[in-house]
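Colleague: Handing you this structure, nothing more for now.
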Amino acid sequence: MDYAGKLLAGIGTVQDITEQKLYETKLEILANYDSLTGLANRTFLISNLQNSIEHAKRNKTKIALIIFDLDHFKDINNSYGHNLGDELLQHIAKRFTKRLRGSDFISRIGGDEFAVVVETLAQAEDAGRLAQEIIDSLSLEFILSGGASMHVGVSAGIAIYPNDGQNSSDILQNADAALNKSKGSERGTYTYYTDELTKLARVRVECENDLRRAIERDEFEVYYQPQVHIVSGRIIGAEALVRWNHPKKGVVSPLDFIPIAEEFGFISAIGEWVLNETCRQGKVWLDKGHRLILAVNLSAHQIRYQNIPLMVDKALAKSRYPASRLELEITESALMQREEEVVEMLHVLRAKGIRLAIDDFGTGYSSLSYLKRFPIDVLKIDKSFVDDIPYDADDVAIVTAIIAMAHALGFQVLAEGTERAEQIEFLREKGCTMYQGYFKSKPVPAAEFEKLLV
Ligand code: C2E
Ligand code: MG
Ligand code: MG
């Protein structure tokens, strides 16, 4: 009774209701809440889950049910007594509540089992991240009355609507099955009902955590891939391509971590690091007499959220690398987003003397009319068009047309991903300015790149 009264006060509807109403509300609370922790109980979870599923069905969203189970809770009860066991459960309930957002529904569904319904999940993997956060927060020490210190281990099982079931009982059952798998394997972790999701989520979360620390730990390195002037055969520049030297996985390709870095906003810091490092290296080479143009990639996320002109000013000032030797690559699809602002930014960069290149040209499904509006120096023809020249008639026609158009508009043209001599022969004939590709060299560390220059 005491407990229900407290809850009622918390809900804040006590003021004007009649005795009868008050009584009904108390009954409802007793029926829907767990009296020890004040969390929702199993009955309430099931009705809430069903509602969430219906909502998700209408809005075509995903939801997750995560069930947490305390490892060896019985032992705690047996060795410390039920009072301390109860107190621990109350502390645990508080930690749950602290970790969760208002829209997450938390319940205690058994002696040592808790369940969370996560609504509007952007990706199934996000549930794993949340589960791990909660597991980690519960693994920190608990101090109980009398000063007893306790640690609890937790395992979690996750089921996703609509992937793992269409109604609340299937989802509940499958989250339970996932929990059992979790307890059977390594403890202190989560498992999805679907094995692929478990793998995917763990790889992602691991990668995200590792990425977070990669900059401080100095794990990034810039590789350089030569850009070759077709007529003279000379290396006139290089594209800076980031690599991640992962302590366990070895060299990780940007294709594997840039999407994750973008999603979590790390790309800005990584991109800035790459720019600074490239300018620093560029100055070293320039001082040795290598007059190169170095190209750095900008991602769509950076263009949206970062002050690129300011970042470039700082990098150039710090390294004393000349603006005229720096090129920035922007993909065609990034250019097409927020066109107005991007045009303005490109003009600002251009005014500083920086060169601009359109990367992956031909893949962005853009109208060509915008080309006139962007102050551009180089079009980089995407590798997919270059691969089958001079044999595929369509690609031959496309590449020929891009080269002619670029010249007409006053741009230089670079063919990406050039691997064979016949391709270069064809490109020379058509008047393509430069190529970049394995034919000359793969992207290589700075020291190796330098050897290509002599
Ligand atoms: P990209 O800018 O189009 O870079 C060219 C990619 O093509 C590089 O892949 C390069 O190694 C590869 N490549 C070049 N020549 C050949 C060839 O002859 N054959 C084949 N098969 N591949 C070739 P990489 O280094 O794996 O980079 C992939 C993408 O990751 C880049 O595509 C770029 O979009 C992105 N990226 C790399 N470094 C950075 C960076 O510092 N910042 C940002 N925002 N993106 C980066
Ligand atoms: Mg590029
Ligand atoms: Mg490219």
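Colleague: Nearest 20 debye, what's the magnitude of the dipole of the chain about its Cα centre given +1 on Lys and Arg Cβ and -1 on Asp and Glu Cβ?
Modeller: For this selection, approximately 1280 debye.
Colleague: Can you give the Rg/Rh ratio of the chain, where Rg is from the C-alpha atoms and Rh is the Kirkwood radius?
Modeller: Result for the chain is an Rg/Rh of 1.13.
Colleague: So if we plug the beta-carbon distance of Ser369 and Ala404 into 1/(1 + (r/R0)^6) with R0 = 25 Å, what FRET efficiency do we get, rounded to 0.05?
Modeller: Working: r = 17 Å, r/R0 = 0.68.
That gives a FRET efficiency of 0.90.
Colleague: Just going by the charge dipole of the range 308-348, with Lys and Arg at +1 and Asp and Glu at -1 on Cβ, which of Met336, Leu310, Val348 is farthest out on the positive end?
Modeller: Selected residue: Leu310.
Colleague: Could you size up the charge dipole of the range 205-453 around its Cα centre, putting +1 on the beta carbon of Lys and Arg and -1 on that of Asp and Glu, and report it in debye to the nearest 20?
Modeller: The dipole of the range 205-453 has a size of about 1160 debye.
Colleague: With an 8 Å Cα cut-off and a minimum separation of 6 or more residues, compute the relative contact order for the range 18-193 in percent.
Modeller: Relative contact order comes out at 26 percent.
Colleague: Normalised by the number of residues in the chain, what is the relative contact order in percent for Cα pairs under 8 Å and 6+ residues apart?
Modeller: Dividing the mean separation by the residue count of the chain yields 10 percent.
Colleague: Sum up the charges of everything whose Cβ sits under 12 Å from the Cβ of Ser145, counting Lys and Arg as +1 and Asp and Glu as -1, but leave Ser145 out.
Modeller: Result for the neighbourhood of Ser145: -2.
Colleague: Turning to a different aspect of this structure: Suppose every K and R has +1 on its Cβ and every D and E has -1 on its Cβ; what is the size of the dipole of the range 18-193 about the Cα centre, in Debye to the nearest 20?
Modeller: Using only the charged Cβ atoms, the result is roughly 360 debye.
Colleague: On the principal axes of its Cα set, how long, how wide and how thick is the range 378-454? Give whole Å, largest value first.
Modeller: Answer, in whole Å and largest first: 38, 28, 18 Å.
Colleague: Modelled label-to-label distance, Val348 and Arg217, 7 Å Cα→beta-carbon offset: nm?
Modeller: 3.5
Colleague: Now, a different point. Got a number for carbon plus sulfur as a percent of the chain's accessible area, 1.4 Å probe?
Modeller: 52
Colleague: Once Lys and Arg get +1 and Asp and Glu get -1 on their Cβ, which of Ser139, Ala127, Asn174 lies farthest toward the positive end of the dipole of the range 90-208?
Modeller: So the residue we want is Ser139.
Colleague: To one decimal place, what orientation-averaged projected area in nm² is obtained for the convex hull of the Cα set of the range 205-453? Numbers along the way, then the final one.
Modeller: Numbers: hull surface 53.4 nm².
Mean projected area for the range 205-453: 13.3 nm², to one decimal.
Colleague: Another one. Putting +1 on Lys and Arg Cβ atoms and -1 on Asp and Glu Cβ atoms, find which of Thr37, Val399, Thr25 reaches farthest to the positive end of the dipole of the chain.
Modeller: Checking the options against the dipole of the chain, the answer is Val399.
Colleague: How much area per residue is accessible in the range 18-193 when the probe is 1.4 Å and only protein heavy atoms are counted (Å²)?
Modeller: Spelled out: the 1.4 Å probe surface of the range 18-193, per residue, equals 47 Å².
The values are calculated or read from the model by the stated rules, or taken from the named source; none is laboratory data. Being a predicted model, the structure only gives us computed values, none of them experimental. So basically every Cβ, Gly included, is an ideal-geometry build from the backbone, and we count neighbours across all protein chains shown. The accessibility values were calculated without ligands, DNA or RNA, using every heavy atom of the protein model including side chains. Shrake-Rupley method; radii C 1.70, N 1.55, O 1.52, S 1.80 Å.
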